[in-house]
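K.L.:
Can you read through this structure? Questions will come right after.
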Amino acid sequence: MMESAADESLTVDELAARAGVTVRTIRFYSTRGLLPPPEIGPRRVGRYGPDHLSRLALIEELQHQGMTLSAIERYLAQLPPDLSAQDLAIHRALVAGWLPDRAEEQTLAQLERRVGRSLTVQDLDRLAAMSVLVRTEEPDVFQVDPGLLQLGVRLLDVPIALETILAARTVVMEHTRSAARELSRLFRDEVGAAHEDDGPDAAEVARRKSLSAHMQPLVVQALVTAFQRSMKDELREWFSER
């Protein structure tokens, strides 16, 4: 089996293949300052890491959002320069959270080229449990969520049982759906009370859509931040007890 993506350094060709872009695109982003320079290895060959891969994924997501390169430059300039690949993945998730769901159909061979490693049946089971991919009627064809792919592949090497992943996914889905339901109810009560009798007019519908588009990323970010703090508190308490 190949090295895991988290421990591997990549040439520019390998980075392009893993990110699904061209080498020319990577070099263009580098000249615009969107990507940090690679580490220079033996024979002055540039080596890229997981942070470059995560930053490329974030740039792709921002482009799907409709942002221009200048806007993306301003967005990235506001981020701390030492963000880890995991932190960049969280930013990508926040951006992708209010975009329409989209999946890419990939064969097993295409998927393995994309992640840079061979995938066993057990690996595919774990990725399916994490909702990274969905099996189709063809045994070697999958519907892949590109937003979760790299993070899911990194988790393949974490020693967690499949049953634990499935149980964790159930907990997350139940609680996030409950939170979404309650937040949606509050939102509906706030913006819908004025038009209970005759329904909203076109201007009001447009206002609600605009308000929703602005609120949703803020709510997602608030949930992520609150969850991170809660996890830190739980882990701190657990370690102190031990």
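K.L.:
Failed condition for residue 81, given (1) open to solvent by 60 Å² or more (accessible area, probe 1.4 Å); (2) touching a residue at least 40 places away in the same chain (Cβ under 8 Å); (3) within 21 Å of residue 113 (Cβ to Cβ), with all others met?
P.N.:
Result: residue 81 passes all but (3).
K.L.:
Would you confirm, using the coordinates I've provided, whether residue 74 is of a type in the set (Lys, Arg), farther than 25 Å from residue 152 by Cβ and either at pLDDT 85 or above or open to solvent by less than 60 Å² (accessible area, probe 1.4 Å) (or both)?
P.N.:
It is true that residue 74 is of a type in the set (Lys, Arg), farther than 25 Å from residue 152 by Cβ and either at pLDDT 85 or above or open to solvent by less than 60 Å² (accessible area, probe 1.4 Å) (or both).
K.L.:
If you don't mind, another one. Answer yes or no as to whether residue 111 is outside any loop (DSSP other than H, G, I, E, B), touching a Leu at 6+ places or on another chain (Cβ under 7 Å), farther than 21 Å from residue 86 by Cβ and among the hydrophobic types (A, V, I, L, M, F, W, C).
P.N.:
So residue 111 passes the test.
K.L.:
Among the residues of region 40-49, write down those that are open to solvent by 50 Å² or more (accessible area, probe 1.4 Å) and either on the phi > 0 side of the Ramachandran plot or modelled with pLDDT of 90 or more (or both).
P.N.:
Answer for region 40-49, where residues must be open to solvent by 50 Å² or more (accessible area, probe 1.4 Å) and either on the phi > 0 side of the Ramachandran plot or modelled with pLDDT of 90 or more (or both): 43, 44, 47.
K.L.:
Another question, if that's okay. So, residue 171, is that one modelled with pLDDT under 75 and part of a helix (DSSP H, G or I) or not?
P.N.:
no
K.L.:
Scan region 174-197 and tell me whether some residue there is surrounded by 13 or more Cβ atoms within 10 Å (Cβ to Cβ), touching a Lys or Arg at 6+ places or on another chain (Cβ under 7 Å) and either modelled with pLDDT under 75 or closer than 30 Å to residue 122 by Cα (or both).
P.N.:
yes
K.L.:
Right, another one. Considering 52, 91, which residue is modelled with pLDDT of 80 or more and within 19 Å of residue 149 (Cβ to Cβ)?
P.N.:
Going through 52, 91 in turn, just one is modelled with pLDDT of 80 or more and within 19 Å of residue 149 (Cβ to Cβ): 52.
K.L.:
Could you list, in sequence order, all residues of region 94-118 that are open to solvent by less than 60 Å² (accessible area, probe 1.4 Å), modelled with pLDDT of 85 or more and out of contact with any strand residue (DSSP E or B) (no Cβ under 8 Å at 6 or more places or on another chain)?
P.N.:
109, 112, 115, 117, 118
K.L.:
Restricting the search to region 114-129, which residues are in contact (Cβ under 8 Å) with a residue 24 or more places away in the chain and either of a type in the set (Gly, Ala, Ser) or in a helix (DSSP H, G or I) (or both)?
P.N.:
114, 115, 116, 118, 122, 123, 125, 126, 127, 129
K.L.:
Next up: Please verify whether region 20-29 includes one or more residues that are buried (at least 17 other Cβ atoms within 10 Å of the Cβ), more than 16 Å from residue 149 (Cβ to Cβ) and within 17 Å of the chain's Cα centre (by Cα).
P.N.:
Checked region 20-29: no residue is buried (at least 17 other Cβ atoms within 10 Å of the Cβ), more than 16 Å from residue 149 (Cβ to Cβ) and within 17 Å of the chain's Cα centre (by Cα).
K.L.:
Check off (1) at pLDDT below 90; (2) farther than 22 Å from residue 85 by Cα; (3) of a type in the set (A, V, I, L, M) for residue 149 and give me the number that stays unchecked.
P.N.:
Exception for residue 149: condition (2).
The values are calculated or read from the model by the stated rules, or taken from the named source; none is laboratory data. This structure is a prediction, so every number in the text was calculated from the model and none was measured. Cβ: placed from backbone, ideal geometry, glycine included. Neighbour counts: every protein chain shown. For the accessible areas, the whole protein counts, side chains as well, though only heavy atoms, and no ligand, DNA or RNA atoms are used. Shrake-Rupley method; radii C 1.70, N 1.55, O 1.52, S 1.80 Å.
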